[in-house]
Every structure is written in structure tokens, then in C-alpha cells.
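Asks: Have a look at this one before I ask anything.
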Amino acid sequence: MSSVPSRRTVRWQRLDRPGVERATLSPLKNTWHIDGRIETDFEGGPARIRYHIRCDEGWRTQGAWVTFKQGRTRRRLGLFVKQNEAWILDGKERTDLRGCVDLDLEVSPATNTLPIRRLDLTVGSGRDVRVGWVRFSQLAVERTEQRYTRVSLRRYRFENLDSGYAAELEVDDLGLVLNYPGFWARAPNP
């Protein structure tokens, strides 16, 4: 992966239903941050998601804050990862998430960047990762096993090993998704 500029903002258009996402990737004092907003439909109608994810300099998740709003319903999630790999979710340790390194927001192509940057795979190599997977609209966090395989300079095979789902993701020079087949495509920035 190339070096990261001071800041990059990208937008995606949802392909399978109405929806857009806008995310900003930025470095700050030996940490990486992704701030994003998603507007899309779920069962029950349109929803808005606001999130912030903080990673250490090696792209390991350190914390995340997510707000989900749909109609009159508002849910919030706060997550912190301690140095001993304990995941603290809304103030309580989740022992089932111990050993997870990455956070994956179910509806966001932005979070695929975290393992892509962290693993820094060579073409033809792959690695399995343990992930805290945030499910929407319930805003529940589940542990899941995923695999990333770098199939070419800017293409990765993503697999959820628990569900059997797989897709090939095209990424830019920073590891941000350009095309997530059937779900998201990069849109021009306004």
C-alpha cells in the first residue's frame, strides 16, 4: 500500500437498495481514524448511521462509536479495546470478542480497509482474521472469522468463513474499496 496522505474523503453509492456512505480516513498522532455517515434502507424503513473508528498505527482497532437512527428509534454503541485484547462494549467486557483485531460494520465498505491495511499482504497470499462484526439494525456485535486474500495489486478476495459469503473487492491505492460487487460502488466526490 502507498503512504497515506493527510486526509482522504470518499463516497459510495449503494447498488442493491437506496443508500450512500461518506467516509473520511485521516491520521492523527500515531493513530488512524475513519469517520463516516451512512444513509440506507433497512426493514422498517430509511435509517442513518454515524460512526467513528480509531485504530493504532498498525491498523488494529482501539475504539469505535456508532449511532443508528431509524424513525423514532435511536441506538448507540461504544467500544474500546484494551491492550490485553479485552473488548469493552458499552462499559462491559465481551469475553467472546477477545482475540478480535478488526471491527467490521456490516453495511460499510469502509471497514474492509482496516484488515487490508493492517495485513499488508503480498499478491497471492492470504490471512484469516477474527473480527467484531456489527450487525444492523439491531446494533449487535458478533465474533466472526474472515479471510482476506490479495489476488492482484488492487483486488482482494474477502470471505466470511462462518457464513460462506465471498466477494472480490477492488480497492484504491490506500485500500479503500472502489467496488464491492452487488452492494457498493465508489461515487464521485461532490
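Asks: Give me the percent relative contact order of the chain, please, defined on Cα pairs under 8 angstrom at least 6 residues apart. Numbers along the way, then the final one.
Replies: Numbers: 450 pairs, mean separation 32.0, N = 190.
Dividing the mean separation by the residue count of the chain yields 17 percent.
Asks: Distance in nm between label sites at D173 and T31, each 7 Å beyond Cα in the beta-carbon direction?
Replies: Calculated label separation equals 2.7 nm.
Asks: I need the calculated FRET efficiency for the pair R147 and R74, taking r as the beta carbon distance and R₀ as 25 Å, to the nearest 0.05. Each step should come with its number before you reach the end.
Replies: Working: r = 34 Å, r/R0 = 1.38.
After rounding, the FRET efficiency stands at 0.15.
Asks: Mean-square fluctuation check for the chain, GNM, Cα pairs under 10 Å: which of G36, G132, G45 is largest?
Replies: G45
Asks: Spelling out what I want: for every residue of the stretch 55-65, take phi, set θ = phi - 60°, compute 6.51 cos²θ - 1.76 cosθ + 1.60 (Karplus), and round to whole Hz; glycine and proline get x.
Replies: 10, 6, 5, x, 6, 8, 4, 10, x, 7, 9
Asks: If you don't mind, there's one more thing I want to ask. Looking at the square roots a ≥ b ≥ c of the eigenvalues of the Cα gyration tensor of the stretch 98-190, which shape do they give, rounded for a/c under 1.5, prolate if a/b is larger than b/c, or oblate?
Replies: Values: a/c = 1.73, a/b = 1.15, b/c = 1.50.
Oblate is the answer for the stretch 98-190, as a/c is 1.5 or above yet b/c matches or exceeds a/b.
Asks: Have a look at R60, R94, R14 and tell me which one the Gaussian network model of the chain (Cα, springs below 10 Å) gives the largest fluctuation.
Replies: R94
The numbers here are math on the coordinates, done by the rules we state, and not lab data. This one's a predicted model, so the numbers in the text were calculated from it and none came from an experiment. Every residue, glycine among them, receives a Cβ derived from its backbone with ideal geometry; neighbour counts consider all protein chains shown.
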